[in-house]
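The structure appears right after this line, and notes come after that.
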Amino acid sequence: MLTRIDHIGIACFDLDRTVEFYRATYGFEVFHTEVNEEQGVREAMLKINETSDGGASYLQLLEPTREDSAVGKWLAKNGEGVHHIAFGTADVTADSEAIRDKGVRVLYDQPRTGSMGSQITFLHPKDCHGVLTELVTSAPTGANDH
Ligand code: CMX
Ligand code: CO
């Protein structure tokens, strides 16, 4: 079951300048940063609020690490802006299989690694009324404590 908006993914040319805009304009602070080479992004997660399912909602600011990445290609075509939305679930595998059975293309056969050790997959935007849609299962609590 999808129980929260996990994040909104926003594509930008310059992550540091975009982070500074969100800090100076709204007071949102960086919760986490990482590079995900598989996805071809450098990203910053800004935590907006916690949610009733024990998770949280974030803004995910995304700068491409290479031009041929999903975000790099999208930026070249569209410029900066909202790139995708992500719904949170306790079981990304079960939910994505159920959604695939409804005729929506799921982009990965198996979930891949997303922010903060989460498991993620994507639904094709052409099957979702133009919205690239991600499904996320957060890493177990404590998995990111070092
Ligand atoms: N939102 C809505 N539509 C999109 C889109 C997006 N983010 N990205 C592409 N499209 C549309 C294009 O506009 C294009 O439509 P038209 O044919 O009408 O012009 C169509 O989809 C095909 O686009 P494309 O530019 O040819 O791109 P590809 O088919 O090579 O890739 C996609 C599209 C969705 C398969 C690819 O972006 C993908 O695999 N995305 C999932 C991974 C990802 O986005 N990773 C970055 C985020 C990582 C994270 O969140 O952690
Ligand atoms: Co995302």
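Okay, residues lined up against (1) more than 13 Å from ligand 1 (Cβ to nearest atom); (2) among the hydrophobic types (A, V, I, L, M, F, W, C); (3) within 22 Å of Lys47 (Cα to Cα):
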{"residue": "Arg100", "(1), (2), (3)": "yes, no, no"}
{"residue": "Val104", "(1), (2), (3)": "no, yes, no"}
{"residue": "Tyr108", "(1), (2), (3)": "no, no, no"}
{"residue": "Thr113", "(1), (2), (3)": "no, no, yes"}
{"residue": "Leu123", "(1), (2), (3)": "no, yes, no"}
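This table checks each residue for (1) touching a residue at least 40 places away in the same chain (Cβ under 8 Å); (2) outside any loop (DSSP other than H, G, I, E, B); (3) under 20 Å from Val19 (Cβ atoms); (4) over 13 Å from the mean Cα position of the chain (by Cα).
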position: Lys47; (1), (2), (3), (4): no, yes, yes, no
position: His84; (1), (2), (3), (4): yes, yes, yes, no
position: Phe87; (1), (2), (3), (4): yes, yes, no, no
position: Ala94; (1), (2), (3), (4): no, yes, no, yes
position: Lys102; (1), (2), (3), (4): no, no, no, yes
inquiry  = Looking only at residues that are more than 17 Å from Glu43 (Cα to Cα), surrounded by fewer than 18 Cβ atoms within 10 Å (Cβ to Cβ) and of a type in the set (A, V, I, L, M, F, W, C) in the stretch 60-95, which one is nearest to ligand 1 (Cβ to nearest atom)?
reply    = Ala76
note = Checked against (1) within 12 Å of ligand 1 (Cβ to nearest atom); (2) part of a loop (DSSP other than H, G, I, E, B), Ser52 satisfies every condition except (1)
key: So Glu34, is it under 30 Å from Ala98 (Cβ atoms) and either loosely packed, with under 13 Cβ neighbours inside 10 Å or among the small types (Gly, Ala, Ser) (or both)   = no
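Quick one: which of Thr25, Thr65 is without any contact (Cβ under 8 Å) to a residue 60 or more places away in the chain, in contact with a helix residue (DSSP H, G or I) (Cβ under 9 Å, 6 or more places away or on another chain), more than 18 Å from Pro140 (Cα to Cα) and among the hydroxyl-bearing types (Ser, Thr, Tyr)?
Thr65
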query = How about the stretch 66-99: which of its residues are within 16 Å of ligand 2 (Cβ to nearest atom), under 16 Å from Gln119 (Cα atoms) and of a type in the set (Ser, Thr, Tyr)?
reply = Thr89, Ser96
inquiry  = Being of a type in the set (Asp, Glu) and farther than 27 Å from Asp127 by Cβ is true for just one of Asp53, Asp95, Asp16, Asp101. Which residue is that?
reply    = Asp16
key: Among residues of the stretch 1-21, those that are within 17 Å of the chain's Cα centre (by Cα) and either within 18 Å of Ile85 (Cα to Cα) or in a helix (DSSP H, G or I) (or both), counted   = 14
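Quick note: the coordinates plus some simple rules give every number you see, no bench work behind them. From a predicted model like this one, the values you see are computed outputs, not experimental measurements. With ideal geometry, Cβ positions are generated from the backbone for all residues, glycine too; neighbour counts draw on all protein chains shown.
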